[in-house]
Amino acid sequence: LAPWVPVVGLEIHAQISSNSKLFSGSQVQFAAPPNSLVSFFDASLPGTLPVLNRRCVEAAVMTGLALNCSINKKSLFDRKHYFYADLPAGYQITQQRVPIAVNGSLSYSLCIDNKMSQMVTKTVRIKQIQLEQDSGKSLHDDTRSQTLVDLNRAGVGLMEVVMEPDMCCGEEAAAAVRELQLILQTLGSSQAVMAEGQLRVDANVSVHHPGEPYGVRTEVKNINSIRFLAKAVDYEIQRQIEELENGGTILNETRAFDSKLGCTVPMRDKEGKQDYRFMPEPNLPPLILYDAKSLPANMNHQQVINIDWIHERLPDLPSVKREKLVEQYGILPEHSFALLNEDGLAEFYENVVKQTRMKPKRVIGWVLNDLLSYLKQHSLTVKESPVSSALLADLLNLLEKKEISSTAAKQVLAELWKGEGKTPLEIVKEQKLQLLQDEKELEQICQAVIDRQENEVIMMVLG
Amino acid sequence: QVSAALKEGRVSPTELCQQCLSLIKSTKFLNAYITIAEETALKQAEASEERYKRGRPLGVLDGIPIAVKDNFNTAGIETTCASNMLRGYISPYNATVVQKLLDQGAVLLGKTNLDEFAMGSGSTDGVFGPVRNPWSYSRQYKEKSVPKSHSEDKESNWVITGGSSGGSAAAVSSFTCFAALGSDTGGSTRNPAAHCGVVGLKPTYGLISRHGLIPLVNSMDVPGILTRCVDDAAVVLGSLAGHDPKDSTTIQDSFKPFELPNLTDVSKLSIGIPKEYHAPGLSGEILAVWSKAADLFRNAGAKVVEVSLPHTCYSIVCYHVLCTAEVASNMARFDGLEYGHRSDMKESTESMYAATRREGFNDVVRGRILSGNYFLLKQNYEKYFVKAQKVRRLIANDFVKVFRSGVDVLLTPTTLSDAAPYKEFIKEDNRTRSAQNDILTQAANMAGLPAINVPTALSERGLPIGLQFIGRSFQEQQLLTVAKWFEKQVQFPVIQLEEVKRHDHDVFQHEKSASFS
């Protein structure tokens, strides 16, 4: 059987973290009462006009720079037309002709063979990043034959990040999205929480034989978590392979991922190919960005965006942070990944290291194995940990000074976990876990044991 | 002059307001107004009166009765765009230009009639019926018209106002207000100004805010100013122009209101006469008036040169493509969901949309939406829309070249003939009429240039003929200065309306047109 090459591309919509919407002053807030955050413009009242939100542009520029894109100094806005209840104006303002950023790349890492011990770095090309409006939400009430429309989300700023089809499986897609999520959260340009709809991923999947042209692709939507992304992609790849091997064909269609059944199903809503009748948005002049070289001399700082200024102020990206952790503390790359993968964990670790004499290479095990597994078991975040970095540092200091054994330390940790406010030292004393350091005392105890069990000792000595 | 009268206490704002309201009532047959905001107007007049009493008027416009075309949002007052789609629609906000006028103390009498959604050149295609040109009832017209049979009365012979801001033009022309706002996308302010014998100013695109003006073609629309004299237009312009953060297409440069000098020496002026504006269908009369005007300038010492704007003949087709495309887009929001008319059709959302739009829009609007969507289809986009944009660039460049060659202002006719009788006008459909009538005005919208109609003379039928001046971008001061000089030279006669005479007041008694500056 000829091998199959799966091809996976992604379209990711990240909600911009800003106080107000992309083109109007109404607030951006999750789970507010329906239709309470709707300005005249969001409701498409006739005569209202879009006004570009500076913060949204900055967020897109930051993201573009972090993804190694070229920032287009001149980008344009367009209208994309279609009729739907959650799109009051009958069109979405987006950037179809010339988006704000193009031609970037994202590096991400995978463990090969499921072991954390071997990580390999992959890269996916970023085709472009465009600014566009989010739509409102519509809920279909079939029992009463009506649709309920909430426009709170209508007009919120989105960055659409298009990843080229450089990925080959669910794991790669998931890893790439995870890394993007971390980058966005580090930049602060998006909170990127999938559960709150701040990060939405659509996957484009196709398969072909090596040397042959790409196969027909399907679009998979309704993916609500990174875990489901991997599942959905892998399922779809399998489905396509089976279909083709059975002599069938793949339709260029949109499919929804059903998380309960773990499969993709055709979406009933989308009919045929839509012609969006793109047209330039006449109410918004081209978006002009400057850099240090092109910045006009007496331009009002409030009125312009300087790409170089933003570049200089970018925080350390996750990949840089990981490198620094590895270099500074001598930990393994996979450790640095694990540290950054959990919100606040890297900080926790660094705090423990600061407060203990134990070598960082030893501390990492305690943080990643013991602490983290406790947190996971109890579904707690690092912030919610009953064991603070100070407490853990105290405990590790006892261990380092050889006042307790590592088995005892684990026991103490289990006790600390209860969060009763006791210090490690108090627990050690309570449970009499101290290691005896006095040699003479030890000799006495050993001698006592040997004396009591004479027979067994002789048996042991004889063999 | 009326402003001075208000200041000197010769007349009070409430008196003035009441006069106008009562005149509106007695000229109801003109159908110039859709909504009359009597209560709020009187309140505004009272507030103004208070200010005058305390010697603290807000400015020249304080207490001046004005009217606004019904495609501008007015908070608390119905805004219909003469369409079933927005019948009963009460906007929650004021258009920026409306707000500015109110902030200056102007008294808003009401909303004026138009072609539905400003689509048309006759003000005949709105759901509230056509607007009648006040000149139809003037002594000047009646003297010249020969009744065909004695049963024929003034009812059947009336002429159109032109459009689409016909209601505003008629309101100013019939003295029911001292200034009115119109809109101009292809000539919609200048065309009715010419037919109604008033001054109609189309400002440079980007000078005045469009926030709150319900759009026809976003890239060409401008708020238009209709007044009885050029000085008044300058005053209104001064209160409206300037950057609006709510409208990203307004320029950032600060605007300084100006007073128009009384030009006496035109020898340094260069007037361009574009030969392509000798358009097919241009009446002999208008051609003659145009010629005479050119001579007027020449004899006064100005340099008058023939120039060429070679792409003028393509502008109608180009306009058609770009206009319908933007219309299709702008009308997409009218789906009955958030505001406006909603059909009773409940089968599905789609069917509700379709029924709402069929019921809410007239044929003209629907026709343009269909055309526009056709041009925007992926397979047609390059061929039509992009091509039209390129042609638009060529048209704009024609003007740039001419102005660069030393010409200060262009002089052209505004319309092909004087106002047509309604019965004649409706023999052809809206699209045909628009294509015919927009031809002289619409290139200025393509290029975003300022242009003004100045009433010049009466035709053989006793109806107004106006001429158009087109100026350089943002050079309204120069444009209006020239227009004012011309206005002084031609001394266009005052309309003699019985109804106005009955409302005799020294404010209305002038030899020249009544003005407020």
Of A:361/A:410; B:100/B:202; B:43/B:111; B:292/B:484; A:410/A:432, pairs whose Cα-Cα distance is over 23 Å: none
Centroid-to-centroid separation of the range B:357-430 and the range B:28-65 [C-alpha atoms, Å]: 36 Å
Cβ-based net charge around residue A:28, under 12 Å, with every Lys or Arg adding one and every Asp or Glu removing one: 0
Dimensions (Å) - the protein assembly as shown, Cα atoms, principal axes, largest first: 146, 76, 61
Translational D in µm²/s for the range A:1-99 (Stokes-Einstein at 10 °C, 1.306 mPa s, Kirkwood Rh from C-alpha pairs): 98 µm²/s
Isotropically averaged projected area of chain A, using the convex hull of Cα atoms (one quarter of hull area), nm²: 34.6 nm²
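Taking the Cβ of residue B:185 as the centre, find all other residues whose Cβ is under 14 Å away and add up their charges (Lys, Arg: +1; Asp, Glu: -1).
Local charge sum for residue B:185: 0.
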Loop trypsin sites (Lys or Arg not before Pro), the range A:253-324 (other Cβ atoms within 10 Å of the site Cβ: 12 or fewer; DSSP): A:260, A:268, A:273, A:293, A:313
For residue B:409, distant residues with modelled amide H under 5 Å away: B:270, B:272
Cross-link reach list, aspartates and glutamates versus residue A:324, counting only Cα pairs under 12 Å and skipping chain neighbours closer than eight places: A:316, A:350
Partner aspartates and glutamates for residue A:74 [C-alpha distance under 19 Å; skip if fewer than 8 residues away on the same chain]: A:58, A:132, A:160, A:281, A:291, A:308
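What do you get for Rg/Rh over the range B:211-317 if you use C-alpha atoms and the Kirkwood form of Rh?
Details: Rg = 18.1 Å, Rh = 17.6 Å.
A ratio of 1.03.
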Spatially proximal lysines relative to residue A:73 (Cα-Cα < 17 Å; intrachain offsets below 8 disregarded): A:127, A:293
Descending semi-axes in Å of the range B:259-303, equivalent ellipsoid built from Cα gyration tensor: 25, 11, 10
Anisotropy class of the range A:301-349 from Cα gyration tensor, a/c 1.5 cut: prolate
Helix A:54-66 vs. chain A, principal-axis angle (Cα, 0 to 90°, nearest 10): 60 degrees
Largest to smallest principal axis extent of the C-alpha atoms in the range A:318-431, angstrom: 44, 30, 19
Rounded to the nearest 20 debye, dipole of chain B from Cβ charges on Lys, Arg, Asp, Glu: 820 debye
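Holding the Cα-Cα limit at 31 Å, pick out from B:7/B:246; A:359/A:418; A:137/B:69 the pairs that are longer than that.
Pairs exceeding 31 Å: B:7/B:246; A:137/B:69.
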Unit Cα scatterers, Debye sum, the range A:141-284: log10 I(q)/I(0) for q = 0.19 Å⁻¹: -1.29
Neighbour-limited loop hits for GluC sites (Glu not before Pro), the range A:381-420 (at most 14 other Cβ within 10 Å; DSSP other than H, G, I, E, B): A:420
Using alpha-carbon coordinates, inclination of helix A:226-245 to the longest axis of chain A, degrees: 70 degrees
Net charge, residue A:259 excluded, C-beta distance under 11 Å - Lys, Arg +1, Asp, Glu -1: +2
Convex hull volume per residue for the range A:77-160, taking Cα atoms only, in Å³: 159 Å³
Computed over the range B:176-260, Kirkwood Rh from alpha-carbon pairs, angstrom: 13.1 Å
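None of the figures in this text is laboratory data; all of them are computed from the coordinates on show. This structure is a prediction, so every number in the text was calculated from the model and none was measured. Here the Cβ is made from the backbone with ideal geometry for all residues, glycine too, and neighbour counts use every protein chain on show.
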